[in-house]
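Read the structure below first, then the notes.
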Amino acid sequence: MARAGAEALKPLAPVLRQLREIKGVKETQPGVFHARRDAFIHFHDEGGVLHADLKKPGGSGFDRFPLATPADQRKLVDEAKLRARKLDDE
């Protein structure tokens, strides 16, 4: 499973911009985000199909999010905001 490179991430520029705005989440390299020094979100390119892996609540593993449609992308951003907020509450 290959991590998505900068070229593959170009169509996700609006999504990445929204993720960068989440309090407590930092982009450590293009398309790789950390929260509390732990991996939080990263992207994979599997044969031209992009997916995001978002840290599960409680920190054990990742949930995979498809990114094929704007609705899929909104779902990722909304869930990332929710999970980042829960980290703040801990």
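The values are calculated or read from the model by the stated rules, or taken from the named source; none is laboratory data. Keep in mind that this is a model prediction, so the values were computed, not measured. FYI the Cβ positions are ideal-geometry reconstructions off the backbone, even for glycines, and counts take in every protein chain you see.
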Exception for residue 48 within (1) exposed (fewer than 15 other Cβ atoms within 10 Å of the Cβ); (2) more than 19 Å from residue 2 (Cβ to Cβ) falls at (2)
Given the conditions (1) farther than 17 Å from residue 56 by Cα; (2) β-branched (Val, Ile, Thr); (3) out of contact with any His (no Cβ under 6 Å at 6 or more places or on another chain), every one holds for residue 22 apart from (1)
Among the residues of segment 62-81, write down those that are out of contact with any strand residue (DSSP E or B) (no Cβ under 8 Å at 6 or more places or on another chain) and either modelled with pLDDT under 95 or more than 18 Å from residue 24 (Cβ to Cβ) (or both).
-> 69, 70, 71, 73, 74
Out of all the residues in segment 34-90, which are part of a helix (DSSP H, G or I) and of a type in the set (Asp, Glu)?
-> 72, 78, 79, 88, 89
Does segment 11-27 contain any residue that is over 12 Å from the mean Cα position of the chain (by Cα), part of a strand (DSSP E or B) and not small (Gly, Ala, Ser)?
-> no
Scanning segment 10-38 residue by residue, the ones that are touching a helix residue (DSSP H, G or I) at 6+ places or on another chain (Cβ under 8 Å), more than 13 Å from residue 76 (Cβ to Cβ) and hydrophobic (A, V, I, L, M, F, W, C) total 1
